[in-house]
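To start, the structure under review is shown below, and the notes come after it.
No value in this document is a laboratory result; all are computed from the given coordinates. None of the values given here were measured: they were computed from a predicted structure. Because the Cβ atoms are built from the backbone with ideal geometry, glycine has one as well, and the counts that use them run over all protein chains shown.
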Amino acid sequence: MKQTSSYPLRMPMSLKNAVAEVSREEGTSINQFVIVAIAEKLAALRTERFFAERRALADVDAAQRILFRDGGQPPDPEDRLPQVGEGE
């Protein structure tokens, strides 16, 4: 069983009413709605931090050297991007 704890949450009545309405429409509880909203916000913040850390380590010049280097094979037909005006 997962551990839980209680936290007395105060929110404006208008916000609580809106959450209650959406929860009712979704067939869930206010508690579940709030838990999911918190989890989504945490995921978004952690994802932003993850990519910011990776961006700080990026070597743009090295990536461009790889992307624009000579040689290699042309893309297979199924991997080619359509040209402007194709398929219209």
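Can you give the calculated 222 nm mean residue ellipticity of the chain, where each DSSP H run of n ≥ 4 adds -39,500 (n - 2.57) and the sum is split over every residue, rounded to the nearest 500 deg cm²/dmol?
After summing the helix terms and dividing by residue count, I get -19000 deg cm²/dmol.
Quick one: dipole size for the chain, taken about the Cα centre, charges +1 on Lys/Arg Cβ and -1 on Asp/Glu Cβ, in debye to the nearest 20.
Roughly 860 debye, rounded to the nearest 20.
Give, in nm to one decimal, the length gained when the segment between Met11 and Asp61 is fully stretched (0.36 nm per residue of separation minus the Cα-Cα distance).
13.1 nm
To the nearest µm²/s, what D does Stokes-Einstein give for the chain at 10 °C and 1.306 mPa s, using the Kirkwood radius over alpha carbon pairs as Rh?
Using the Kirkwood radius from Cα pairs, D works out to 83 µm²/s.
Towards the positive end of the charge dipole of the chain, with charges on Cβ (+1 Lys, Arg; -1 Asp, Glu), say which of Thr28, Val84, Pro12 has the farthest Cα.
Final value for the positive-end residue is Pro12.
Using only the alpha-carbon atoms, how far is helix 30-57 inclined from the longest principal axis of the chain? Give it as 0 to 90 degrees, nearest 10.
With rounding to tens, the tilt is 30 degrees.
Could you rank the peptides 17-25, 45-53 by their average count of other C-beta atoms within 10 Å per residue, with the highest value first?
Packing order, densest peptide first, comes out as 17-25, 45-53.
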